[in-house]
Amino acid sequence: MTFNVHRKDSGWLRLFITILYSLVSVLFLWGGYSLIKLGTRGNWEIVTEFKGWELYVASLSPGIFLILVGGAIMVLGLSQTLKHLE
């Protein structure tokens with residue numbers, strides 16, 4: 001039995017990428033939870049404009065930001081990986 005991870009359609013490569021995305025997103029989620037539990041606060045602002053919409057976020061907790069990033073990695077990364085399964 002041989003494992004060819006250099007092929008794009010390799011099941012082992014998909015498994016590795018899925019585990020990697022899952023691990024990174026869980027680490028972000030755990031880090032965000034830890035920051036919220038410690039009560040870490042941040043004083044900063046995000047101001048941006050996109051197609052006539054303006055986004056203004058002030059003093060967002062770093063923990064909530066990490067949880068949002070972890071969720072985005074999980075939703076976007078894993079959906080792309082699983083979409084290519086045939």
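For the pair residue 83 and residue 30, a Förster radius of 22 Å applied to the C-beta separation gives a FRET efficiency near 0.25, rounded to the nearest 0.05.
Here the extension length gained between residue 15 and residue 40 equals 5.5 nm, from 0.36 nm per residue of separation less the Cα-Cα distance.
Each value in this text was obtained by applying a stated rule to the coordinates, not by laboratory testing. Nothing here was measured: the structure is a model prediction, and the numbers come from that model. Cβ atoms come from the backbone with ideal geometry, glycine included; neighbour counts cover every protein chain shown.
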